[in-house]
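In what follows, a single structure is set out as C-alpha cells and then discussed.
The values are calculated or read from the model by the stated rules, or taken from the named source; none is laboratory data. Just so you know, these numbers come straight off a predicted model, no measurement behind them. Reconstructed Cβ throughout: ideal geometry from the backbone, glycine too, with neighbour counts over all protein chains shown.
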C-alpha cells in the first residue's frame, strides 16, 4: 500500500496535468501543511512511503498508517483510491470535500486524503524519522481494525511512539 502511495505522490509531481487522486493527495497535503509532500513525508517513519511494518514511530507515522488502512478499506469496497479524481477546496485552513464528487468512491477517497492532511497538520514533525530505513521498524504491525468506525469517520489520533493501540 505504501508503495502505491509513493508512486502516486511521485506521479503527481511529475505529471501535474493528471487529475487523479494521487495528484489530489499531493496538492491537498501541500495546501494544508505548507510542506512539500514528497520531500517531507515520503520515506518518513515506518509507514509514510514504500513498505510499512512494525509499530509507527510517532504521530505523523500513525497518520500514514491510518491512511493506508483507509485506502485498504476502499480497495475492499471496489474503489480505486489511487486513480479516482475528486474535487475539494481549502477554506479557512479546513479541507472541504465537494458534494459534486461523482461517485461515493471519489467522496470517500477525498475523506481519506483529508484525514491524513489534517492529521499531518496537527502532528509534530521529527526530522529524525525523515528518510527512515524501515529495517529499524520493529514491533507488531497494528491491525487496521483499530480505526473502526469506517474510513470516512476516521479521525487523526495522536499516538505516543510506545503505544500499540490508539487511545
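Matching residues to (1) over 16 Å from residue 30 (Cα atoms); (2) in contact with a helix residue (DSSP H, G or I) (Cβ under 6 Å, 6 or more places away or on another chain):
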position	(1), (2)
59	yes, no
64	no, no
109	yes, yes
131	yes, no
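State yes or no: is residue 69 in contact (Cβ under 8 Å) with a residue 60 or more places away in the chain and either under 17 Å from residue 43 (Cα atoms) or in a helix (DSSP H, G or I) (or both)? Here the answer is yes, as residue 69 does meet what is asked. The residues of region 52-106 that are under 16 Å from residue 32 (Cβ atoms) and in contact with a strand residue (DSSP E or B) (Cβ under 7 Å, 6 or more places away or on another chain), listed by number, are 60, 64, 86, 88, 89, 95, 96, 97, 98.
If we scan region 76-95, do we find a residue that is at pLDDT 95 or above and part of a helix (DSSP H, G or I)? Scanning region 76-95, I find at least one residue that is at pLDDT 95 or above and part of a helix (DSSP H, G or I), so the answer is yes. Has region 128-142 got at least one residue that is buried (at least 20 other Cβ atoms within 10 Å of the Cβ) and modelled with pLDDT of 95 or more? There is at least one residue in region 128-142 that is buried (at least 20 other Cβ atoms within 10 Å of the Cβ) and modelled with pLDDT of 95 or more.
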